[in-house]
Amino acid sequence: MAKPSIRNLVVDLASTLREEVLPHLGAHAGRAHTGEAEGGDVTFAIDERAEARMEAFLAERAPEVAFYSEDRGLVSPAGDRAEWVLIVDPIDGTRPALAGLESCCVSVAAARLDSEPTMGDVEVGCVIELKSAQSFIAERGGGLQPASQLSGNRSLERMFWTYGFRGRPAQALVEVLAELIDASSVKGGTFDLGSATFDMTRVVTGQLDAYIEPGPRMVDDVPAIRAEFERVGDGAILNNSPYDLAAAALCLTEGGAVVTDAYGRPLADRPLLGSSHDFQISCVAAANTELHAEICTAIDAGIEQLRSISG
């Protein structure tokens, strides 16, 4: 388990960022474009405000700690002397935040900084909902607070689940997910809520059964589709990076859910610090192993269908 000081730093940073962003939720001024993030996504004015507050907080509170964020990339004021790195998404769900919706969160994780830390090195994860202040805090081997309330559903037909279209070519994504969408369309429910972190934490609250994001697998398995991702992403491939998943994945794992990539492989060995396509991570998070297996089988079939129509 992590040192209490690191846990406190993670939680305090997440709370500080929420306080900074909360008054600006739904404000149209925050929609101004101020640049481009490390991973190629648009940086909105509200993102820049949160990133600046993060830098000021860490410079004062923990200048010896490195951080990796969506807009800044890796920053280590202490150079090689840094023992810890924080993986921060100050606003996961920027677009819902700009619309004043509830599906937006602060996500902060901590890992010891060796030469190449991985997802499995994350020791603390904290997710705080921006509007409600509901928090999820996990320590590796120490469980999740509050305790999870996982769904017992094991049926695709009755599945309530979520996925995301931001930066993904809609026709190709629906081709891969069509079987799952059709199966759950009437007896279950499908949602695009605009935030991977919010989506994933709905699994531990029991509100949803699964979160499914096959984007990186689509690009890797069907190379012809890469151009479509770049078209939609204005030249960049915009799938989930480790900073999107680091805190939430630990929360789900410690809460007893199943979290893998879209091949069904564990995430532990995936590099933690990066945001280009080589670092991006597909994800299947489910409330139980039976449902997870059914989802992965359906994704396999969806990828084959996409391959057959893409040439």
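The values are calculated or read from the model by the stated rules, or taken from the named source; none is laboratory data. All values reported here derive from a predicted model rather than from experimental measurement. Reconstructed Cβ throughout: ideal geometry from the backbone, glycine too, with neighbour counts over all protein chains shown. Accessible surface is based on the protein model in full, side chains and every heavy atom, while ligands, DNA and RNA are left aside. Shrake-Rupley method; radii C 1.70, N 1.55, O 1.52, S 1.80 Å.
See the values below:
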read-out	value
Hz values of 3J(HN,Hα) by residue in segment 133-142 - Karplus curve (6.51, -1.76, 1.60), Gly and Pro given as x	6, 4, 10, 10, 10, 10, 10, 4, x, x
Angle in degrees between helix 196-205 and the longest Cα principal axis of the chain, rounded to the nearest 10	80
Listed residues 53, 226, 81, most fluctuating in the chain (Gaussian network, C-alpha, under 10 Å)	81
Debye log10 I(q)/I(0) for segment 38-119, one point scatterer per Cα, at q = 0.12, 0.14, 0.19, 0.25 Å⁻¹	-0.36, -0.49, -0.84, -1.24
Net charge contributed by nearby residues that have their C-beta within less than 13 Å of residue 80 (K/R +1, D/E -1)	-2
Protein accessible area in the chain, 1.4 Å probe - carbon and sulfur %	48
Range of Cα positions in the chain per principal axis (Å), largest first	53, 40, 39
Unit charges on C-beta of K, R, D, E only; dipole of segment 1-159, Debye	580
Helix-derived mean residue ellipticity, 222 nm - over the chain, DSSP H n ≥ 4, -39500 (n - 2.57), to 500	-11500 deg cm²/dmol
Average accessible surface area per residue within the chain, 1.4 Å rolling probe, Å²	40
Residue 156 long-range amide H proximity, modeled H, under 5 Å	none
In degrees, nearest ten, helix 4-21 long axis to first principal axis of the chain (Cα)	80
Cα-centred dipole magnitude for the chain, charges only on beta-carbon of K, R (+1) and D, E (-1), debye, nearest 20	580
Environment charge at residue 281 (Cβ cut-off 9 Å; Lys +1, Arg +1, Asp -1, Glu -1)	-2
Gyration tensor (Cα) of segment 191-283, equivalent ellipsoid semi-axes in angstrom	23, 14, 12
Of 76, 167, 100, farthest towards positive along the dipole that unit charges on Lys, Arg, Asp, Glu beta carbons give the chain	100
Segment 128-261 - convex hull of the alpha-carbon atoms, volume per residue in Å³	117
10 Å beta-carbon shell around residue 137, net charge (K/R +1, D/E -1)	-1
Segment 212-256: Cα Rg divided by the 2.2 N^0.38 Å rule of thumb	1.42
